[in-house]
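Here the structure comes first, spelled out in structure tokens, and everything after it is commentary.
The values are calculated or read from the model by the stated rules, or taken from the named source; none is laboratory data. Just so we're clear, the structure is a prediction, and the values are computed from it rather than from any experiment. A quick note on method: Cβ atoms are made from the backbone with ideal geometry, for glycine too, and the neighbour counts reach across all protein chains shown.
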Amino acid sequence: MEAGDIVRIDLPQADGKVKIRPSLLLKQVAPYDDWIACGISSSLSLEVKGFDLIMDESSPEFPTSGLKHTSLIRLGFLSTRPKEKIKGKIGSLSKQTHLLLCNRLADHLRK
């Protein structure tokens, strides 16, 4: 696995339940090599404009993303998960898109 991969991973939900969801791997964290991941949702109404990213069939990276439907990469839906919780890679984003999302998150944290 590497940063920019889209994987299936166990993510805690707002109601406390854990659900297997598609997620974007943002960064691996030492010393245990856990991953900071952001959840991906088909609930487009949750979009935070200028922060999250919608991936739809017209997006050039949609075919390599492994996503089946128009989806929202939710930078506000973060979790740090051990690599053992990753159920498998389904796709990936380009380094440029991964960097764009990381920069959006970093800019938000600096505010």
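Please go through region 77-106 and pick out each residue that is of a type in the set (Ser, Thr, Tyr) and under 11 Å from Ala37 (Cβ atoms). Residues satisfying the conditions are Ser79, Thr80. Take the conditions (1) surrounded by fewer than 17 Cβ atoms within 10 Å (Cβ to Cβ); (2) farther than 14 Å from Ile9 by Cβ; (3) among the small types (Gly, Ala, Ser); Ser65 misses just one of them, which is (1). Gly88 passes every criterion in (1) surrounded by 13 or more Cβ atoms within 10 Å (Cβ to Cβ); (2) within 14 Å of the chain's Cα centre (by Cα); (3) not hydroxyl-bearing (Ser, Thr, Tyr) apart from (1). Looking only at region 90-111, residues that are in a helix (DSSP H, G or I), of a type in the set (A, V, I, L, M, F, W, C) and touching a residue at least 60 places away in the same chain (Cβ under 8 Å) come to 3 in all. Checking each residue in region 19-49 for being without any contact (Cβ under 8 Å) to a residue 24 or more places away in the chain and exposed (fewer than 12 other Cβ atoms within 10 Å of the Cβ) picks out Lys19, Ala30, Pro31, Ser45, Lys49. All of Leu75, Leu109 fail the test of being of a type in the set (A, V, I, L, M, F, W, C) and exposed (fewer than 12 other Cβ atoms within 10 Å of the Cβ), apart from Leu109. Candidates are the residues of region 1-57 that are among the small types (Gly, Ala, Ser) and farther than 25 Å from Asp107 by Cβ; the one that is nearest to the chain's Cα centre (by Cα) is Ser42.
One residue is enough: does region 34-46 have a residue meeting the conditions of a type in the set (Gly, Ala, Ser) and on the phi > 0 side of the Ramachandran plot? It would help to see each step written out before you state the result.
Taking region 34-46 first, the residues of a type in the set (Gly, Ala, Ser) are 37, 39, 41-43, 45.
Narrowing further to those that are on the phi > 0 side of the Ramachandran plot: none.
No, that holds for no residue.
Residues in region 13-28 that are more than 11 Å from Ser71 (Cβ to Cβ) and either at pLDDT below 95 or acidic (Asp, Glu) (or both): Gln13, Ala14, Asp15, Gly16, Lys17, Val18, Lys19, Ile20.
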